[in-house]
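One structure is given below, encoded as structure tokens.
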Amino acid sequence: MNITKSAIAGTLESSDAQVTVCPGTDGIQLTLSSPVLRPYGERIRQVVLETLRALEVDQAEVTVVDRGALDCTLRARVTAAVYRSMDRFENIPWGGLDP
């Protein structure tokens with residue numbers, strides 16, 4: 001899938017994450033911020049990249065502002081942002097993207 005425009009999913013509330021995707025030209029450029037970056041940053045990065053790979057996104061600028069989101073929440077936010085970037089709001093394969 002190609003990211004065709006910028007899109008956001010999620011909130012900055014506790015236990016959530018805000019994911020922004022933008023069109024990219026140099027692979028996946030991931031920016032991550034989180035108050036739990038030291039203990040969980042690598043896992044957050046892994047979940048985001050696995051979800052993008054499952055969605056077949058290979059060119060994007062992705063920003064994640066994490067507030068303690070669980071893996072399932074991160075997957076849902078990344079998926080929603082990617083589909084929103086393509087103006088696709090129906091027939092989304094929720095739950096069918098587990099790596």
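The values are calculated or read from the model by the stated rules, or taken from the named source; none is laboratory data. Remember, predicted model here, so these are calculated numbers, not experimental data. Cβ coordinates were reconstructed from backbone atoms using ideal geometry, including for glycine residues, and neighbour counts include every protein chain displayed.
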Residue count, the range 1-13 (criterion: out of contact with any strand residue (DSSP E or B) (no Cβ under 7 Å at 6 or more places or on another chain), at pLDDT 95 or above and either not charged (D, E, K, R) or not in a loop (DSSP other than H, G, I, E, B) (or both)): 0
Where a residue in the range 66-93 is small (G, A, S) and its partner, wherever it lies, is in a strand (DSSP E or B) and surrounded by 22 or more Cβ atoms within 10 Å (Cβ to Cβ), with Cβ under 7 Å and at least six apart: A69/A17; A81/V19; A81/V21; S85/V21
Residue, farthest from R84 (Cα to Cα), within the range 25-57, restricted to residues that are exposed (fewer than 13 other Cβ atoms within 10 Å of the Cβ) and among the acidic types (D, E): E42
The range 35-59 residues that are within 17 Å of A76 (Cβ to Cβ), paired with ones that are of a type in the set (D, E, K, R) (beta carbon under 7 Å, 6 or more apart): I44/D66; V47/D71; V47/R75; T51/R75
From E90, E50, E61, E42, residue being part of a loop (DSSP other than H, G, I, E, B) and among the acidic types (D, E): E90
Residue pairs meeting the criteria (Cβ under 8 Å; at least 6 apart or on separate chains; first within 21 Å of D58 (Cβ to Cβ), in the range 1-21; second among the small types (G, A, S) and assigned to a strand (DSSP E or B)): I3/A60; V19/A9; T20/A7; V21/A7; V21/A60
Test: residue in the range 34-44 that is touching a helix residue (DSSP H, G or I) at 6+ places or on another chain (Cβ under 9 Å), under 18 Å from M1 (Cα atoms) and not hydroxyl-bearing (S, T, Y): no
Filtered residue count, the range 58-83, keeping only those that are surrounded by fewer than 20 Cβ atoms within 10 Å (Cβ to Cβ) and not aliphatic (A, V, I, L, M): 9
